[in-house]
Each structure stands twice: as C-alpha cells, then as structure tokens.
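The values are calculated or read from the model by the stated rules, or taken from the named source; none is laboratory data. The shown structure was predicted, so the numbers you read here are calculated from the model rather than taken from an experiment. Note: ideal-geometry Cβ built from the backbone for every residue, glycine included; neighbour counts use all protein chains shown. Note: areas computed on protein heavy atoms with side chains; ligands, DNA, RNA excluded. Shrake-Rupley method; radii C 1.70, N 1.55, O 1.52, S 1.80 Å.
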Amino acid sequence: RDIMHSGEALPLVTLTMPMMQTVIEISSKRLGVAVVLDADKRLAGIVTDGDLRRGLERWGKELYDMDTAAIMTRSPRVIYEDELAAKALSIMETQSITSLVVPDQNGFVKGIIHIHDMLRSGIV
C-alpha cells in the first residue's frame, strides 16, 4: 500500500478502448502498463509494453485499431494492499514481470506496484 501508484496515477483503460488510446494511456502514466477494466470497473486484464511489441509483430499497424480486449493479458498477477513489499518483489522475480496490479477483494483496482517503486524505496 505504501509504495503503490493509485488514483490519477493509474493507467486505466476499458475493454473496448481502441489500442491507439491505450498506447497513449500507457505512455502518459509512464509505468509501461495499462490496467484493463470491465463494464463494472473491475479488473479484466493488463496490457504491457511486451504485449504491444508482440501485437505489432503479429498485426502491424492494424493493432492500433483493435480493441484493447484483443491484446490484453487476462488474469494478470496481483497482490493485495496489506501484503508486504517483499512478497511483491518475490512474485515479480519468480514470474519475470515488472508490475503487479493491486485489487481489492471485489476486483476493483486500488493501485499498481512497479519494480522501480521497490528500487526507490530501498527494498531492492
């Protein structure tokens, strides 16, 4: 909870948002990811820089006209806000990922924790 990004700092997009807008959201929030919300504003997936690269390799410029749902990774790795940062780091290392979504027990997104947050806080 202490080191996660929350509120206006969160890169949030919808399932039906065109990928061009999702890319803009990823770039503007500078976390290298966008959290995808369903119609009820609950966690549906995540789009990472890696997803974008793989999408460009597969679909080329057509990627930008596709809905975010077609590109996103479903069931992203998560951690809950009352868990220790050391656990977040362990998950990131084990899964070779740089970000974890922080939802509440009902699937509403509370934040994102990024590996750089660990570095800045001195955990790593």
Subject >> Identified option (computed Rg and Dmax of the Cα atoms in Å; candidates (i) 13.5, 40; (ii) 15.0, 43; (iii) 14.1, 41) >> reply: (iii)
Original post:
When the chain is modelled as a GNM with alpha-carbon springs shorter than 10 Å, which of Ile112, Ile71, Ile24 fluctuates the most?
Top reply: Ile24
**OP:** Return the percentage of antiparallel bridges among DSSP beta bridges fully within the chain, rounded to the nearest 5 %.
**Re:** 80
Original post:
Under a GNM of the chain (C-alpha, springs under 10 Å), which listed residue has the highest mean-square fluctuation: Arg74, Arg53, Arg42?
Top reply: Arg53
Subject >> Under-5 Å amide H pairs with Gly111, H placed in peptide plane, nonlocal only >> reply: Val102
**OP:** Along Cα→Cβ, 7 Å out, is where each label goes; now give me the distance between the ones at Leu12 and Trp59 in nm to one decimal.
**Re:** 2.4
**OP:** Sum -39500 (n - 2.57) across every DSSP H segment of at least 4 residues in the chain, then divide by the residue count to get the 222 nm mean residue ellipticity, nearest 500.
**Re:** -9500 deg cm²/dmol
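Considering only protein heavy atoms and a 1.4 Å probe, what is the carbon-and-sulfur percentage of the accessible area of the chain? Walk me through the numbers on the way to the answer.
Details: 3550 of 7200 Å².
C and S atoms contribute 49 percent here.
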Original post:
Excluding same-chain residues fewer than 8 positions from Lys41, which aspartates and glutamates have a Cα within less than 19 Å of its Cα?
Top reply: Glu8, Glu25, Asp67, Glu81, Asp104
**OP:** With a probe of 1.4 Å, find how much accessible area the chain has per residue, and write the answer as a whole number in Å².
**Re:** 58
**OP:** In whole angstrom, note down how far apart the Cα centers of segment 1-45 and segment 53-104 are.
**Re:** 10
Original post:
Most fluctuating residue of Lys87, Lys110, Lys29 in a GNM of the chain with Cα springs under 10 Å: which is it?
Top reply: Lys87
Original post:
So what's the net charge close to Ala9: Lys and Arg +1, Asp and Glu -1, counting the other residues with Cβ under 10 Å from its Cβ?
Top reply: +1
